[in-house]
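Right, one structure below, let's go through it.
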Amino acid sequence: MKLNDAPGLDRKDLLGLEELSEREIRLILDTAREFREVLDRPIKTVPAMRGFTIANLFYESSTRTRMSFELAQKRLTADSIGLAVTASSVKKGESLRDTARNIEAMRVDMIVMRHSQSGAPHRLAAQIDAHVVNAGDGCHEHPTQGLLDLYTLLENLGDLRGKRIVIIGDIAHSRVARSNIHGLRRMGAQVGVCGPPTLIPVGIEDLGVTVYPTIEEALAEADAINVLRIQLERIGVPLFPSTREYARLFGVTPARLEVAKREVLVLHPGPINRNVELDSRVADAPGAVILSQVTNGVAIRMAVTYLLAQKTMKAAHALA
Ligand code: CP
C-alpha cells in the first residue's frame, strides 16, 4: 500500500486496542511500514501534515512515548506543542477538562495524553472536538505501545497466527499487557502470561490467554516474550517478598533461556530494571529487539497521527 492510498481511520480518537478491528490494526501497521522507510532516509521528514496542530499533555513521566510522539509530529511537519504539566495551571487546581478546553480554544487539532487515571483520555475525548490519542492511561491501555510491539513481532516472526507470545511480569498493573493481549489476540497469536500469582489478575483467562505458573514452562513454549517491569509506583502494598526474590523466580536470564532450548525473541517496553526482570546479558544480546521497538515506535506514532487526521485534513483542504 502506498501512503497516498491510505484510507484513514474512521474514528476520531485512538483510546485502546480493545476497540480496534483487525482491519484497522493492519491499516496502521501497513502505514507505519511506509513511514519506517522514511526514517532510514537522510531527510527524515514528509510534508504530510502541514498546518495541523498537536498538543502533548503528559501528566505522568515518560521518555520513549513522549519523545517518540514529538519526533513523529516533527517528521510529519505538523505543528507540535507540549505542556510542562508540573509548571502549568494544573498546579493551581485547574481540571483536566478545563485545561483541554483552553488548549482546544487555541485551535489545536489533536491532543496526545498520558494520565495516571484509567479512563482519563476517554472522558476527555467525549468532552472535546479535537482528536485524542491515549499515550497510556493508568493500568488500562497503552495502545501505541501495543501497536509498536505488534509491528516488531511481525517484522521478526512474520505472520503471528499460531505463534505463542508470553508476557512476563507485573500483568496486574500493566497497561502494556492489556493492549498487547487485545492486539495479539486480534492478530491471531496465542497469548500467555506469567508472573507471581499476586500480579496476575483473577479471571485473565477470560481474555483468551494461558497462565503459565513458572517461567520455565513459559519459555519452553514461547516464540517471543515481552518482559515487563514491576510497576512499583502503582503497587500500594508489597505483593511479592523482594525484588531479589522476584529476580530469582521470574527474572529472564541466559541460563533460563538456554534451558528453554528455543530461539526466543525478547521484547521489553522500557524502562528496564536491569537484573530484576531482565538480565543485562539478555537485554543486550542479539535476540533482544528492544531498541528496534523504540525506532518502530516513531513510525507507529506517525501512522496513528496521520491516519486519525485524514478526515480533518481533507475537510480543511476543501475549505482552503
Ligand atoms: N514504554 C513506555 O511507555 O516508556 P515511557 O514511560 O518512557 O514512555
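A few points about this structure:
- Net charge, GLY119 excluded, C-beta distance under 10 Å - Lys, Arg +1, Asp, Glu -1: -1
- Ranking ILE167, VAL202, GLY251 by Cα position along the charge dipole of the stretch 143-293, where only Lys, Arg, Asp and Glu carry charges on their C-beta atoms, puts VAL202 farthest toward the positive end.
- P(r) weight above 26 Å for the chain, C-alpha pairs, percent: 46 percent
- Prolate/oblate/rounded label for the stretch 37-108 (Cα gyration tensor, a/c 1.5): oblate
- In percent, rounded to a whole number, the relative contact order of the stretch 124-226 is 27, using alpha-carbon pairs under 8 Å and six or more apart.
- Rounded to the nearest 20 debye, the dipole size of the chain about its Cα centre is 700 debye, using +1 on the Cβ of Lys and Arg and -1 on the Cβ of Asp and Glu.
- Considering only the chain, percent of DSSP beta bridges that pair antiparallel, nearest 5: 5 percent
- The dipole here belongs to the stretch 143-293: it is taken about the Cα centre, uses +1 on the Cβ of Lys and Arg and -1 on the Cβ of Asp and Glu, and is about 160 debye.
- For the residue pairs LYS44/LYS311; LYS12/LYS44; LYS74/LYS163; LYS44/LYS314; LYS74/LYS311; LYS12/LYS74, the alpha carbons lie more than 31 Å apart in LYS74/LYS163.
- Each residue in ILE181, ILE225 was given a count of other beta-carbon atoms within 10 angstrom of its own, and listing them fewest first yields ILE181, ILE225.
- Of PRO143, GLN310, LEU157, farthest towards positive along the dipole that unit charges on Lys, Arg, Asp, Glu beta carbons give the chain: GLN310
- Positive-end residue, the chain charge dipole about Cα centroid, Cβ charges, pick of SER61, LEU83, LEU27: LEU83
- Shape of the stretch 77-134, Cα gyration tensor, a/c cut at 1.5: rounded
- Remark: spin-label model distance THR63-ARG11 equals 3.0 nm, labels positioned 7 Å along the Cα→Cβ axis.
- Gyration tensor (alpha-carbon) shape descriptor, the stretch 143-293, a/c threshold 1.5: rounded
Any read-out appearing in this document is the output of simple, stated calculations on the displayed coordinates, not a laboratory observation. Predicted model, so just to flag it, every value in this text is computed and none were measured. For neighbour counting, all protein chains shown are included, and Cβ atoms are generated from backbone atoms with ideal geometry for every residue, glycine included.
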